[in-house]
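Structure first, then comments.
The values are calculated or read from the model by the stated rules, or taken from the named source; none is laboratory data. For clarity, every value in this text was computed on a predicted model and none was experimentally measured. Note: ideal-geometry Cβ built from the backbone for every residue, glycine included; neighbour counts use all protein chains shown. The area values use the complete protein model at the heavy-atom level, side chains included, leaving out ligands, DNA and RNA. Shrake-Rupley method; radii C 1.70, N 1.55, O 1.52, S 1.80 Å.
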Amino acid sequence: MKSQPNRDYLSNDDVQTPPALTRRLVAHFHPTGHLLEPCCGEGNFLRALRAHARAATATPSQPIPTGPKKPPTPGIKPALQNFRSHSRAFAGQKISRVSWSEIKRGRDFFAWTQPVDWIITNPPWSEIRRFLQHAMTVADHVVFLVTINHLWTKARVRDIREAGFGIREIVLVDMPKSFPQSGFQLGAVYLSRGRQAVVTLTDWTATDD
């Protein structure tokens, strides 16, 4: 067949999400409560979650520290500008804690049993089903940055349904140059507890850098 993705593609689990993309995704989903990054790698999503937590816990009497005022920096990435403005828009919403695990640092996600409100991560694609199954046992909201074919098999759709979850939104994003280029569409798939009658499709592919 013509125009088919590479069927010999092998998943590379050691891939770090660009910081600008992590900030944009965290700002888009604006999680609250106890947040968990279950496979933080070099920490790009974790830093975005912590920055979001600092912004969300600020109050009008305790403004977010910004340092000395400076003129706008020419060429600053729109993703960073959007992250700052969006995080401030949700100032005052409660974030109780930001936690993390990373098997290479001795913290195994599969040993994590404490309930959390949100999981946002770029999971190891070779273990996507196992990661998804466990994520749905500890979190009410799960966002996975994956090629969307990973969550579109019969078995994984069944796992989602049997766990009492539903897909709420899929955010399509362009594949970063640092990611393996497979021909599959990258997306941030947001699942939450409770069946969803409608799935929102958000397309960033025309605007991503």
key: Inter-residue pairs, beta-carbon under 6 Å, first on the phi > 0 side of the Ramachandran plot and in the stretch 44-57, second open to solvent by 70 Å² or more (accessible area, probe 1.4 Å), 6+ apart   = none
task = Determine if the stretch 31-39 includes at least one residue that is open to solvent by less than 10 Å² (accessible area, probe 1.4 Å), more than 13 Å from the chain's Cα centre (by Cα) and at pLDDT 95 or above.
result = no
task = Check the stretch 61-81 and report whether any residue there is open to solvent by 50 Å² or more (accessible area, probe 1.4 Å), over 30 Å from Thr137 (Cβ atoms) and either at pLDDT 95 or above or in a helix (DSSP H, G or I) (or both).
result = yes
key: Single residue of Leu132, Leu151, Leu191, Leu145 found to be modelled with pLDDT under 95, within 29 Å of Ala111 (Cβ to Cβ) and aliphatic (A, V, I, L, M)   = Leu151
request  = Give Arg88, Arg47 a once-over and let me know the one that is at pLDDT 95 or above, outside any loop (DSSP other than H, G, I, E, B) and basic (Lys, Arg).
outcome  = Arg47
remark   = By residue number, the members of the stretch 116-145 that are of a type in the set (Gly, Ala, Ser) and either buried (at least 20 other Cβ atoms within 10 Å of the Cβ) or in contact with a helix residue (DSSP H, G or I) (Cβ under 7 Å, 6 or more places away or on another chain) (or both) are Ala135, Ala139
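Does the stretch 146-156 contain at least one residue that is of a type in the set (Ser, Thr, Tyr) and buried (at least 20 other Cβ atoms within 10 Å of the Cβ)? Steps first, please.
In the first step, residues of the stretch 146-156 are kept if they are of a type in the set (Ser, Thr, Tyr); the result is 147, 153.
Now drop any that are not buried (at least 20 other Cβ atoms within 10 Å of the Cβ), which leaves 147.
Yes, the stretch 146-156 has at least one match.
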query = Taking only pairs six or more apart or across chains, which ones have beta-carbon atoms under 6 Å, a first residue in the stretch 120-144 that is over 18 Å from Val15 (Cα atoms) and without any contact (Cβ under 8 Å) to a residue 60 or more places away in the chain, and a second residue that is assigned to a strand (DSSP E or B) and of a type in the set (Lys, Arg)?
reply = Asp140/Arg193
request  = Within the stretch 160-183, work out how many residues are farther than 23 Å from Val26 by Cβ and surrounded by 17 or more Cβ atoms within 10 Å (Cβ to Cβ).
outcome  = 1
message = Which of the numbered conditions does Val199 fail, given that it passes all the others? Conditions: (1) at pLDDT 95 or above; (2) surrounded by fewer than 19 Cβ atoms within 10 Å (Cβ to Cβ).
response = (1)
request  = Scan the stretch 106-128 residue by residue and report those that are at pLDDT 95 or above, in contact with an Asp or Glu (Cβ under 9 Å, 6 or more places away or on another chain) and assigned to a helix (DSSP H, G or I).
outcome  = Phe109
